[in-house]
Structure formats: C-alpha cells, structure tokens
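Chemist: The following block contains the structure, expressed as structure tokens.
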Amino acid sequence: MIDSYKTRNTIKLTFTYLFIGIMILIALFPALWIFSGSLNPGHSLFSTKFIPENATFIHYKELFQETDFGIWYINTLKVGAGTAILGVFLASLTAYAFSRLKFAGRKVGMMVMLIIQVFPGVMSMVALYVLLNLVELLDTHIGLIIIYAAGTVPYHSWLMKGYLDTIPKSLEEAAIIDGASHWKIFWTIILPLAIPMLSVLALFYFVAPFGDFLFARLVITSPDKWTLALGLYEFVVDQYGKNFTIFAAGSLLAAIPILILHLSMQSMLVSGLTRGANKG
C-alpha cells in the first residue's frame, strides 16, 4: 500500500516537472531564437542550427557604431522612469480616493473607469495628438510620459484599490483621532504599507515605453528623441529590412533592464499581485 502511494506521488511529481519544463521552454524559445539570430553572420535571422556556424557578436558592436542605440536607450530609460513616477502617483491617489473616501458617484465612477479601459488606446490617438499640439508638448518626452502615465490609470487604479482594501481601516481611524489629515495618512501610513503593489505598478509603467511604437511614433519626430522601439524600427526600415540581425541584438539588450527589475522585485511582485486580486 505504501509502495503504491509512493509510486503515484512519483508519477504525479514527474508529470508536474515535465509540464513545468515544457512551459519554460515555450516561454524561453522566442528569446533563445532571437539570441541565436543575433549571432548569425550576415543580415538574415535564418539558421539551420541553434548556434549558427561562424557565430559572431559583431552585430552588438555594429549596433553602437551604426546607430544611435545609446541615445535611444537613455531616452527610453528616461521616459520609463518618468512614466513610473507620474503613473504611480496618479493611480495611487485615485485608488485611495475610491478605496477610503465616500462621495457621490463613487460606484458610477468606478464603473466608468472600467468601461473606459475596454476601448483600445488607438481610438484616442487623434484626440491626443490635437491636445498635445494645443499645449505644445508634441515632440517632447514629457508629452509621451503623460500619455503613458494617464492612459492606464483606470486599470492600475483598480489593481491598487484591491490592495488598499486589504489594509485595515483601524490604522487610519487611529490616525484621524490623533488629528492627521487624509493627505498625511496617505503619505505616512498607506503608501509605506502598499510598497509591494506600488512596485508592481511602477514596473508596469516602466516597461510600457520599451515595447510601444504607435504612441512614440505619434508624439516623437526628432531622431535624437527616439525611444528604442521607434529607433530600431526606423533603422531597419532605413536599411530596407536587411539588418534584422542587428535588430535582434538591440531587442535583447533592450530587455535587460526589464529582466533585472523582474528578478530583483520578484517577491514584491508576487505579494502585490496576490493581495491586489482581493476586491473586497
């Protein structure tokens, strides 16, 4: 009986690890294929072997010699950091208002935020262009930061609200008795306790400029202000689609900050997402 139980557990454990291994391979395959392509001599990503014959890292060197990759990288980091700061500030304030304050139209406002998030961002591109033109923020990183930060405030506010709902209200009631204002409670009590969820939102906001092309193309026109997605695309188009190996090298280097942040903030990400899922 004991042997039969151990056999079943061994089989279950084997299939579990097998399934996990397959999922890891599926998740890593695109990145591994791009890495293999970046080592391929010439301009084609096609190779009959995982490690191409005459593999070379010359494309990483050419990336900095033939393009303004360093400038694009700095621009993207700057836009990502600005987006994270402004976005977290807006989303946390909005979430605090809906989570803790009682006001007319609160439930309706929450539903409106969800409905707004249903519509794709491309529907607002013309309106955003006109508004940025009116305030003279076209071709500026500030205009791009505002679009990235404000565009997903409804969704991120819902995530943040779910997390704030798990923080005991007794802490605020005690602070109110001591004479603290809502603003002071927000800065000294709520935000320190919500650091895991703030980290999740900051990461989501920071990552946005690395993969977005449409809004960057809409707002930025000067080559010295391009982000990575826009710069790499324009480089490939300018070379008639021949430099995909250099494009692959740039794509991998662009993923490094995101990978570092994910690994360094893993525990806070898990804590923030699991507690934020509580919509009580």
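Chemist: Can you tell which of Leu131, Leu164, Leu144 is within 20 Å of the chain's Cα centre (by Cα) and of a type in the set (A, V, I, L, M, F, W, C)?
Modeler: Leu144
Chemist: Out of Phe98, Phe64, I need the residue that is surrounded by 14 or more Cβ atoms within 10 Å (Cβ to Cβ) and within 28 Å of Ser199 (Cα to Cα). Which one?
Modeler: Result: Phe98 is the single residue among Phe98, Phe64 that is surrounded by 14 or more Cβ atoms within 10 Å (Cβ to Cβ) and within 28 Å of Ser199 (Cα to Cα).
Conditions (1) buried (at least 20 other Cβ atoms within 10 Å of the Cβ); (2) within 30 Å of Thr67 (Cα to Cα); (3) modelled with pLDDT under 90, marked per residue:
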{"residue": "Val219", "(1), (2), (3)": "yes, yes, no"}
{"residue": "Leu232", "(1), (2), (3)": "yes, yes, yes"}
{"residue": "Phe235", "(1), (2), (3)": "yes, yes, yes"}
{"residue": "Gln239", "(1), (2), (3)": "no, yes, yes"}
{"residue": "Ile246", "(1), (2), (3)": "yes, yes, yes"}
{"residue": "Val270", "(1), (2), (3)": "no, no, yes"}
{"residue": "Gly276", "(1), (2), (3)": "yes, no, yes"}
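Chemist: Out of all the residues in segment 104-139, which are within 23 Å of Gly162 (Cβ to Cβ) and aliphatic (A, V, I, L, M)?
Modeler: Ala104, Val108, Met110, Met111, Val112, Met113, Leu114, Ile115, Ile116, Val118, listed by residue number.
Chemist: Moving to a separate point now. So which pairs qualify, if the first residue must be in segment 135-160 and more than 15 Å from Thr83 (Cβ to Cβ), the second must be among the hydroxyl-bearing types (Ser, Thr, Tyr) and in a helix (DSSP H, G or I), the Cβ gap must be under 6 Å, and the two must be at least 6 apart or on different chains?
Modeler: Taking only residues 6 or more apart or on different chains, the pairs are Ser157/Thr94; Met160/Ser92.
One line per residue, one yes/no per condition, for (1) of a type in the set (S, T, N, Q); (2) within 20 Å of Lys169 (Cα to Cα); (3) under 20 Å from the mean Cα position of the chain (by Cα):
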site	(1), (2), (3)
Ala95	no, yes, yes
Gly105	no, no, no
Gly121	no, no, yes
Ser124	yes, no, no
Ala127	no, no, no
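Chemist: Are any residues in segment 163-217 surrounded by 15 or more Cβ atoms within 10 Å (Cβ to Cβ), free of Cβ contacts under 8 Å to residues at least 12 places away in the same chain and within 30 Å of Leu144 (Cβ to Cβ), and if so, which ones?
Modeler: none
Chemist: Check every one of the helices (runs of 4 or more DSSP H) wholly within segment 32-129 and list those with 2 or more residues that are in contact (Cβ under 8 Å) with a residue 24 or more places away in the chain and among the hydroxyl-bearing types (Ser, Thr, Tyr).
Modeler: The helices (runs of 4 or more DSSP H) meeting that bar are 69-100.
The values are calculated or read from the model by the stated rules, or taken from the named source; none is laboratory data. The shown structure was predicted, so the numbers you read here are calculated from the model rather than taken from an experiment. Quick reminder, even Gly has a Cβ in these numbers, built from the backbone with ideal geometry, and neighbours come from all protein chains shown.
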